[in-house]
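For reference, the structure is listed below as structure tokens.
The values are calculated or read from the model by the stated rules, or taken from the named source; none is laboratory data. Source: prediction; values computed, not measured. In this analysis, Cβ positions are derived from the backbone assuming ideal geometry, glycine residues included, and neighbour counts consider all displayed protein chains.
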Amino acid sequence: MKNMNRLFVLACLSASVSAFGQGKESFMQQQAYAEMQRVSGEVDALQSNISDLQRRVGALEGGGDDRGVRQEIESLKASVADLRRALQEQRGQIVNDLSARLTKAQAAATPPKPTKVVIGPHREYVVQAGDTLSVIAQALGTSVAKIKEMNGLKNDKLRVGQKLNVPK
């Protein structure tokens, strides 16, 4: 059972590693890993409690027919069932938490692509190192506002290799 939990944690960690990039995402990955370690410890403790209770039940079942022993056995069986339910709930919470963190990390790592709004005759320009919107606008005889409007840009940030539509 412990090995299954460790495999589960490793699978979740592997999935989260593939979803994260560097920088902020790396910090989020470290936080998620620490949380998984904490939760894994709690799950291991629950499983240890279940094993201990099952051992005690087995010892009592072989001990005789005394009414007090039978009551203790039933009590222990109920405790085992409660711990199993708690373990299942914990697993469900882990899955939900990791899913939410992965979704959040993927959203942070993948910026939305701007909507391009091409108006009128245009040509394509590929952003080079050192380019800014004002340099491009001046070199191509247009305005920064027109380039931003044609490409659906909300800010002045550009990436090398980015394709821009500019008026002819």
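A few points about this structure:
- Note on the stretch 62-81: among residues that are acidic (D, E) and surrounded by fewer than 13 Cβ atoms within 10 Å (Cβ to Cβ), the one that is modelled with the lowest pLDDT is D65.
- The set of residues in the stretch 138-158 being β-branched (V, I, T) and closer than 16 Å to K168 by Cβ consists of T142, I147.
- Neighbours by Cβ (under 8 Å, 6+ apart or cross-chain): first from the stretch 140-168, outside any loop (DSSP other than H, G, I, E, B); second surrounded by fewer than 16 Cβ atoms within 10 Å (Cβ to Cβ) and among the hydroxyl-bearing types (S, T, Y): V144/S134
- The conditions of being closer than 30 Å to F27 by Cα, modelled with pLDDT of 85 or more and assigned by TED's automatic domain parsing to the domain that holds M28 are not met by L102.
- Total residues in the stretch 68-89, condition among the acidic types (D, E) and under 19 Å from V43 (Cα atoms): 2
- Selection status of A137, at pLDDT 75 or above, assigned to a helix (DSSP H, G or I), among the small types (G, A, S) and surrounded by 15 or more Cβ atoms within 10 Å (Cβ to Cβ): yes
- Number of the condition not met by Q93 [criteria: (1) part of a helix (DSSP H, G or I); (2) modelled with pLDDT under 80]: (2)
- Selection count, the stretch 92-106, where residues are within 16 Å of S40 (Cα to Cα) and surrounded by 15 or more Cβ atoms within 10 Å (Cβ to Cβ): 3
- The condition (being outside any loop (DSSP other than H, G, I, E, B) and either closer than 30 Å to K148 by Cβ or at pLDDT 70 or above (or both)) is satisfied by just one residue among V17, V9, V117, V39: V39.
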